[in-house]
Every structure is written in C-alpha cells, then in structure tokens.
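> Right, I'll just put the structure down here and ask away after.
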Amino acid sequence: MSEQAAQRLEEELRRELREAQAAHSQYLSELEATAEASRAARSSMEEGLPGDLDDDPAMTVLTDTSLPDEPRIQVLHQLGPSLSRRDEFIEALLAIVKDRSDSPAVREAALQALGSAAFQVLRFRPHQPAYDDALHDLVADPVPALREAAVGILAQQHDPVVQETLIQGLRGEGSLPVERERAILLLAEDDHLDNLPWLRELYRSGSESVREQSVRFMGSYPDARSTLEGILRDKNESTSVRQQSGASLRHLAPDRFEAVAKEISTDTTDDPEVRTACLTALQHLGDTARVYADTEFVHRMQDVSGDESAPQVAQVARELLERRPDL
Amino acid sequence: MQIAMAIAREDAAGRNYLTWAPVQGTVRLLDVDAGDRVDPVSVTLTNDNPEVGGQLEFAPARDQNRSASLDLVLPPDGSPVDFWVAGVVGKPSSTDGDAVIRVAEAGAVEALVSKPVMVRIRKNANQLSPAERDRFTTTLAKLNDQGAGLFKDFREMHRQQLALAQAHGAPGFLSWHRAYLLDLERELQRLDPSVTLPYWRFDQPAPNLFTADFMGRSGALGNVSFSGTNLLRQWQTDGAAGVTREPGFNVQTGRANVINQAITLLLGGDRPNAIFDTGTDQDGFDEMEFNPHGNAHTSFTGSSYIRSRGTAPRDPLFFLLHCNVDRLWARWQWFHNRFDGTQPNTFFFRGSATSTPHTDIGHNLLDTMWPWNNVTGFPRPDNAPRTPFPQVATATAPGPAPTVGDMIDYLGFLNAQSAMNFAYDDVPFGVAPT
C-alpha cells in the first residue's frame, strides 16, 4: 500500500541523489583543474581577477574568455543556483553579455541566466537598470540570436525605444533588428499601436503559421471584424487559420460569432475541425442559455449528432445536447 | 440492517475529495430504535473494486498504519465508530467517484452501504488520460472566458513590480506561489470538482503536453495552435487572443534547460556552491528560484509570454510550470522532513517584517500574504484583486488571510487542521522512510 510505495519512491530518489552527487563531485574536481590552469595562464599574462573572486573556481572559469565555450557554460548550468545570490556573479553576466568580442554561445547562455535571475524581483532590483541597458545595447548587436532575444523581451514589455526602432524599420526609415514578419508580430503585442495595416499585410503574404498569428492579433482591432468573419467563412483557408479567426471574431463580436458559428456547425459540407471548434465554443463560453433557447439550432444539432460521416462533430453535438439545461 | 457512513469534509453536494492525507470517517448502526439489538455488529471496510479506479486504505486512528481493509465493531446503540481513510499512493482516481468505500458485514458478500469518493491528486501532465486533459483545458478556458472571466485576477496578481515583489526574490517565493496555485485550483474546482492542476516535469521530455489537444503546438514565430475541441483556442489575456510561445528546446525529445530533480532536491546550505549540504535552512533550497524555476521560464525564446516575469501568466503553461516548482518543494519537504516552520532548517526568517532578523514584508514566516490579506498601499500594491483566500468545505486550511508559514504543512502532517486538500502523485503523506 502507501507505505510500500513511499519506500519505493524513497529508494528511487536516494539512488538519483547518489548519482547526482557523484557526478557533481566529479564536475567540481574538473572545474578546479580548469580554474587552476586558467589562473596560471592569467598570472603569466599578469591578468588577475578582482578581490576574492581570485579563489573562486566558478568565477575564474566563467570569466576566462580564452577558455572554450563548454566549461564556461557549464558553470552557469551547474552552479547557477548558488552563484545567483552574489552581486559579482550578476555583474560578470552583464559584462559577458555586453562584450561583443566574447563568444556568442557564452553570451547567449549569460543572457538566459540574467533572464532567470530577473525573475527574483527583490534580489535583482539593484541590477535592473544595468540589465535594461544591456538589453537596449543588444538591439544593435551583430549576433542575430542576441538581437532577437533582446528585441523580443523589450517588445513584450512595450518598450517605447524598441517599438520606435521596429516602426522605423518597417517604414524603411531605419534597419530592422529582426526579420520583417517578426517585427510586425512584436509590435502587435501592443494593441495601443496602429498595427492593423501591417497585420493585413502579413495575412496577405505569410505562411499558414504567420497568417494564424496575423488573424490572432487582428482580434484586438474592431475594424478587423468583417475581415475575420470573411476568413472564418472562407472554405479555401486552412483549418487552423479559420479556427483562430473564429476565436478572434468571438472576442470582437460575440453575437456575430454565434450566428456564423451556428451556420458553419450545421453545414455538413464544411471542414469537420472548424465545425467542431465552433460547437465547442458555443457549448462552453458566453451566453449558453441563449444557444439552447434557439430551438431550431438545437433541432439541427440532433441531426448533426447522428451524422456519423463526421464523427467528431457528432460527438461534440451529443455533448452539447447532453448539457441542455432542461434535461 | 442499516448502517450510515460519513466522511469529514464533504462538499455541499455530499461528495468527498481525498488525497494521501488521512481524513476521519464514522460508521454507525441506524436501525436501533426498536431497542432489540443487544450484540455489536462486525463490519469490514474495503475498496469496492480493488482492480479499478482510485484506491483507498483505512486505519482505526490517524497515526496508525493503514491497510486495504479495516474491521470495525459497531455498538448496538448506534454510537458512531471512527475510522481514517486516505488514498493509496500510486493509485489515484481518474474520474470523480471512481474510488468506492464498501462496508459489509464480516464475511458477507452484500454491501451494507457504499460511498463513492475521488482520490483527487495533482498528476504529471505528460501522463494524463485524454479525459483528464480535456477536463483541465476546458475548465481553465472557462475560467478565462475569453479574457472576461475570473482568470484576469490571477493575471493581475503577477504583473506589476510591487505585486511581483510580494512573490519573488525572497524566501516567501515558494509559499506565495503555493497559495496562488491553490487559489486558482479551487476556482477551477468550483467549475468542475474533478479537476486538479497538472504539473510539467520540465526536467524530462513531455511530448504529450506540447500538443494541439493540450498546451498547444508551437509553430513559426511564436504561433501556438490548438485543436478544434481544445477550448484553450479561445484563450485571451490583456485584450489579446492566444499565446506567444517559442520553445528553445525540442518539445518531442528534449527538456527545458534546467538542473534535474535530484540536483534540485539537494539544494540547501548557506555556503557558495554548497549545493550538496542537504539543507541547513530553507534559504538554501529556495536557490531553486533561479534554476530550475527561472531557467524553465527562460528555456523559451523570442517574445514568449512565459519568458518574462510580467507576462508569464498569460501563457497557461505557466501554471503547470509552477505546479512542478511546488511539487519539487513538496518532495524536498518529504525527503528532508521540512514541515515545521518554526525550525530554522525549514524556514529561516521565522518572525514578521518587524522582527529581528527579518526580510522583506510578505516573506517572513508570520507575514500575511498579499493580495489575500487585503492590505494595500506601499510596500504592498495599490489593490488586492483576490481577497479573502477561498474557503472550501473539503479543507480547513489555509484561512482567509494566509501567512507565509501557513502554507508549509500542506498535507496536515504535523497538524490535521493544516491540510489543504491537495497532493502530488509522487509525494506521499508523512516523511520519507530512512
């Protein structure tokens, strides 16, 4: 019973811990050796580490740009939790991220570590301004992955500086730090901006995945209502884009969505996946009492529920009927 | 012969939801009015079907070993006889009422009475059944209600700097998020009492999680697609539809860039790099806020909502990530016996924000936690979107304004009244056997 289960769990965990401990001890030995070699090399070049960092193998290895990437990145992964409490660790990460001559892979790993540290709001507070500065510097960095990461983080915060950079780039008045499609989508995260023209452009030119994103963000703009309804009704459009269009239309105009969704869900010539998505939304969200009060629709659902040519639609129709409040 | 069985902490509909924590029940004879019964009646409590559904185990007292059956002797005068019941670790329910307690006269085949209950346990999201998965996604989407539902309060609690400071970068991190998850879970359970929060084991591949039927399938440029039957297709936050998420790892075969469970559970100690000191204080274990917690967030790239602290709750995956953070804490507690908040190896700052020593307000053991305490104004945020903490029939804890310390003994190991009616599939009641 539970006692035996607890015993098994304990034995399994203790074995995991023993293995982890052994692996970590091995890692610490290797780290010490790497640090020793690094110290010797720095000493011969008369390059010391400041203060007490001199004795810390983790900081020695992390900050030695002459070492290969792997041992430096391993320090972040293996020892990050305990190092994260130390101001000099955060400062070292900031220095690595800002140093364009350092390895791109180590800089990316350091940026991830800074992002993780930034979740520790109170502890990270003294470093926040320097972190913000570093992110802004990265917007113009020669390494695309670092640029993309920084622009993504800042755009999500609706940072006005990066938004202006993206707008100017889209207008051809400056260089874009990221590809055009991504730039439009990053701006679209802030619905206070006039993004609809760019989203329409994206819809016209993009892949299915990009069209789905475009339709998703159009849901924040009332002027997109008729466009969204048209896409939802367009049987030539992909299933996924039509489904997203339905969700966006429902957000903008729930009544209109309800009318269109009823039409689509009872249209046996339409895509079963789109019909299913319409029925699922009608069944669970909004004024479901009104849906059930539409006796003609409920009657047609009874037909749909028995239509085994579209079993998934029939199943959702049966669920909808089973939830009728009068049953 | 008629008998009655009752189990403590029924909900308003008379249903019981159990975990691994033992709950008290009673059995008594009913037909005693005639006064002609002189002999006690022997009955046996068992699982109605030991092969199917959630399984239960019984004991005559809370601190005694539990077993699959329990013999009781019912007095002829109808006096109730106590027993204790809990779910069997490894055998949780998958549907409401699939664990049935059967009471039969000793040696008899016919049951005198039976009672369906649910062994309601938080499970690994990668291993949920399709039905469990669908109940969860549907209920979470209904709570969101396209941005108009109660979910918006949970989003607000994790947005602004002062709000984030109540919960991050100090020792209250784990307690605050335990309360946050439990608050959300209780709201989900108001809509569907069979739902629990699943956890994302971010140190293992979870291919079943990142699908169109569950948390969504990621496409180009942060697009996340959901299937037609997945109501999360309608997800809305901050006036915008959907989720932006770009995994920085292969969601089919890879895992987040985090330290693994074993390394996490060994965190502790106050010396730099002393992660294998198995715990002189909780101030050591909460290094996990950086990694695996922070790294699980930052294992997503681009403009992923979950990557940044101010937008993370806009992605429903956030709650599964934090459920695993809480599970790791629960495992650490179980393994190292860390349920007593008055002990320094469980929690270092054991006073309040005015004690010596102390840390930031909201992070000391005796501090109440925003927003449930309804305290506003600096250094607390300007408003309190969720107050008081929701009280439920199935648990007596935490109270309406929980403290940091109130969240520690979540299974009621030290005090039965502290049990919060949630548990994890791989974290038993009590402490790990040695």
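The values are calculated or read from the model by the stated rules, or taken from the named source; none is laboratory data. Small disclaimer: the values here were computed from a predicted structure and weren't measured. Note that each Cβ is placed from the backbone with ideal geometry, even for glycine, and that neighbours are counted across all protein chains shown.
> Of everything in segment B:220-236, what is outside any loop (DSSP other than H, G, I, E, B) and crowded, with 21+ Cβ neighbours inside 10 Å? Give them in sequence order.
B:LEU221, B:GLY222, B:VAL224, B:SER225, B:LEU231, B:LEU232, B:ARG233, B:GLN234, B:GLN236
> Here is a check on your reading of the model: is B:ARG37 of a type in the set (Lys, Arg), within 13 Å of B:ALA99 (Cα to Cα) and in a loop (DSSP other than H, G, I, E, B)?
For B:ARG37, the condition - of a type in the set (Lys, Arg), within 13 Å of B:ALA99 (Cα to Cα) and in a loop (DSSP other than H, G, I, E, B) - is not met.
> Residues of segment B:285-319 being in contact (Cβ under 8 Å) with a residue 60 or more places away in the chain and either in contact with a strand residue (DSSP E or B) (Cβ under 6 Å, 6 or more places away or on another chain) or of a type in the set (D, E, K, R) (or both), which ones?
B:ASP286, B:GLU289, B:ILE306, B:ARG309, B:ARG314, B:ASP315
> Might you let me know whether segment B:70-78 holds any residue that is within 12 Å of chain A (Cβ to nearest Cβ), touching a residue at least 60 places away in the same chain (Cβ under 8 Å) and either at negative phi or polar (S, T, N, Q) (or both)?
No, segment B:70-78 contains no residue that is within 12 Å of chain A (Cβ to nearest Cβ), touching a residue at least 60 places away in the same chain (Cβ under 8 Å) and either at negative phi or polar (S, T, N, Q) (or both).
> Also: Determine if segment B:7-20 includes at least one residue that is assigned to a strand (DSSP E or B), within 24 Å of B:ASP192 (Cβ to Cβ) and more than 14 Å from every other protein chain (Cβ to nearest Cβ).
yes
> One residue is enough: does segment A:9-18 have a residue meeting the conditions among the charged types (D, E, K, R) and more than 13 Å from chain B (Cβ to nearest Cβ)?
no
> While we're looking at this one, here's another question. Looking only at segment A:238-280, count every residue that is facing chain B (nearest Cβ under 10 Å) and closer than 15 Å to A:GLN312 by Cβ and tell me the total.
Number of matching residues: 12.
> Kindly list, by first and then second residue, each pair from a residue in segment B:363-384 that is farther than 15 Å from B:MET407 by Cβ to a residue that is loosely packed, with under 14 Cβ neighbours inside 10 Å, limited to pairs with Cβ atoms under 6 Å and residues at least 6 apart or on different chains.
Note: pairs meeting the criteria are B:THR376/B:ASP382.
> Can I ask one more? Does B:ASP98 qualify as being over 17 Å from the mean Cα position of the chain (by Cα) and closer than 29 Å to A:PHE119 by Cα?
no
> Go through segment B:88-145 and give me each residue that's among the charged types (D, E, K, R), within 14 Å of another protein chain (Cβ to nearest Cβ) and touching a helix residue (DSSP H, G or I) at 6+ places or on another chain (Cβ under 7 Å).
The answer is B:LYS142, and nothing else.
> Could you list all residues from segment B:376-399 that are surrounded by fewer than 18 Cβ atoms within 10 Å (Cβ to Cβ), out of contact with any Asp or Glu (no Cβ under 9 Å at 6 or more places or on another chain) and under 22 Å from B:PHE349 (Cα atoms)?
Once the filter is applied, which keeps residues that are surrounded by fewer than 18 Cβ atoms within 10 Å (Cβ to Cβ), out of contact with any Asp or Glu (no Cβ under 9 Å at 6 or more places or on another chain) and under 22 Å from B:PHE349 (Cα atoms), segment B:376-399 yields only B:PHE378.
> While we're here: Check whether at least one residue in segment B:411-428 is modelled with pLDDT under 95, within 14 Å of chain A (Cβ to nearest Cβ) and either surrounded by fewer than 22 Cβ atoms within 10 Å (Cβ to Cβ) or in contact with a Gly (Cβ under 6 Å, 6 or more places away or on another chain) (or both), and report yes or no.
no
> A follow-up question, please. Please give the number of the condition A:ASP137 fails out of (1) under 30 Å from A:SER248 (Cα atoms); (2) surrounded by fewer than 18 Cβ atoms within 10 Å (Cβ to Cβ).
Against the list (1) under 30 Å from A:SER248 (Cα atoms); (2) surrounded by fewer than 18 Cβ atoms within 10 Å (Cβ to Cβ), A:ASP137 comes up short only on (1).
> From the list A:SER240, A:SER245, A:SER209, which one is assigned to a helix (DSSP H, G or I), under 25 Å from B:SER304 (Cβ atoms), of a type in the set (Gly, Ala, Ser) and in contact with an Asp or Glu (Cβ under 6 Å, 6 or more places away or on another chain)? Lay out the reasoning, then the answer.
Values: A:SER245 fails: in contact with an Asp or Glu (Cβ under 6 Å, 6 or more places away or on another chain); A:SER209 fails: in contact with an Asp or Glu (Cβ under 6 Å, 6 or more places away or on another chain).
Exactly one residue qualifies, and that residue is A:SER240.
> Could you tell me whether any residue of segment B:279-287 is at the interface with chain A (Cβ under 9 Å from one of its Cβ atoms), at pLDDT 80 or above and either in a helix (DSSP H, G or I) or over 18 Å from A:LEU13 (Cβ atoms) (or both)?
yes
> Moving on. I'd like to verify a number: residues in segment B:285-311 that are in contact with a helix residue (DSSP H, G or I) (Cβ under 7 Å, 6 or more places away or on another chain) and under 13 Å from B:GLU246 (Cα atoms), how many?
Within segment B:285-311, residues that are in contact with a helix residue (DSSP H, G or I) (Cβ under 7 Å, 6 or more places away or on another chain) and under 13 Å from B:GLU246 (Cα atoms) number 12.
> For residues that are part of a helix (DSSP H, G or I) and of a type in the set (Asp, Glu), scanning just segment A:101-152, find the one that is nearest to A:GLU189 (Cα to Cα).
Per the criteria, the residue is A:GLU148.
> Need at least 1 residues that are among the aromatic types (Phe, Trp, Tyr) per element, so show me which helices (runs of 4 or more DSSP H) inside segment B:98-213 make the cut, counting only ones lying wholly within it.
B:130-144, B:151-156, B:173-191
> Is it true that B:ILE3 is surrounded by 13 or more Cβ atoms within 10 Å (Cβ to Cβ), at pLDDT 95 or above and β-branched (Val, Ile, Thr)?
no
> On to the next question. Can you tell me which residues in segment B:150-180 are touching a strand residue (DSSP E or B) at 6+ places or on another chain (Cβ under 9 Å) and surrounded by fewer than 22 Cβ atoms within 10 Å (Cβ to Cβ)?
Taking segment B:150-180 first, the residues touching a strand residue (DSSP E or B) at 6+ places or on another chain (Cβ under 9 Å) are B:151-152, B:155, B:175.
The answer is B:LYS152, B:ARG155.
> Let me ask something additional. With the condition kept exactly as written, say whether any residue in segment A:282-294 is part of a helix (DSSP H, G or I), at negative phi, at the interface with another protein chain (Cβ under 10 Å from one of its Cβ atoms) and touching a residue at least 24 places away in the same chain (Cβ under 8 Å).
Yes - at least one qualifying residue is present in segment A:282-294.
> Follow-up. Scan segment B:246-264 residue by residue and report those that are touching a residue at least 60 places away in the same chain (Cβ under 8 Å) and either surrounded by fewer than 24 Cβ atoms within 10 Å (Cβ to Cβ) or in a strand (DSSP E or B) (or both).
Within segment B:246-264, B:GLN261 is the sole residue that qualifies.
> Kindly list, by first and then second residue, each pair from a residue in segment A:22-47 that is of a type in the set (Asp, Glu) to a residue that is surrounded by 17 or more Cβ atoms within 10 Å (Cβ to Cβ), limited to pairs with Cβ atoms under 7 Å and residues at least 6 apart or on different chains.
A:GLU32/A:PRO57
> Quick check: is even one residue across segment A:147-159 away from every other protein chain (no Cβ under 13 Å) and either without any contact (Cβ under 8 Å) to a residue 40 or more places away in the chain or more than 24 Å from B:VAL258 (Cβ to Cβ) (or both)?
Within segment A:147-159 (the criterion being away from every other protein chain (no Cβ under 13 Å) and either without any contact (Cβ under 8 Å) to a residue 40 or more places away in the chain or more than 24 Å from B:VAL258 (Cβ to Cβ) (or both)), the answer is no, since none of the residues qualifies.
> Do you know which residues across segment B:40-71 are crowded, with 17+ Cβ neighbours inside 10 Å, of a type in the set (S, T, N, Q) and either in contact with a helix residue (DSSP H, G or I) (Cβ under 9 Å, 6 or more places away or on another chain) or part of a loop (DSSP other than H, G, I, E, B) (or both)?
The one that is crowded, with 17+ Cβ neighbours inside 10 Å, of a type in the set (S, T, N, Q) and either in contact with a helix residue (DSSP H, G or I) (Cβ under 9 Å, 6 or more places away or on another chain) or part of a loop (DSSP other than H, G, I, E, B) (or both): B:GLN55.
> State which residue pairs qualify: first residue in contact (Cβ under 8 Å) with a residue 40 or more places away in the chain and inside segment A:222-237, second residue assigned to a loop (DSSP other than H, G, I, E, B) and of a type in the set (Gly, Ala, Ser) in any location, beta carbons under 8 Å apart, and separation of 6 or more residues or different chains.
That search, which allows pairs on different chains as well, returns nothing.
> Name the pairs whose Cβ atoms lie under 8 Å apart, with the first residue in segment A:69-82 and at the interface with chain B (Cβ under 7 Å from one of its Cβ atoms), the second charged (D, E, K, R) and surrounded by 19 or more Cβ atoms within 10 Å (Cβ to Cβ), and 6 or more positions between them or separate chains?
That search, which allows pairs on different chains as well, returns A:PRO81/B:GLU287; A:SER82/B:GLU287.
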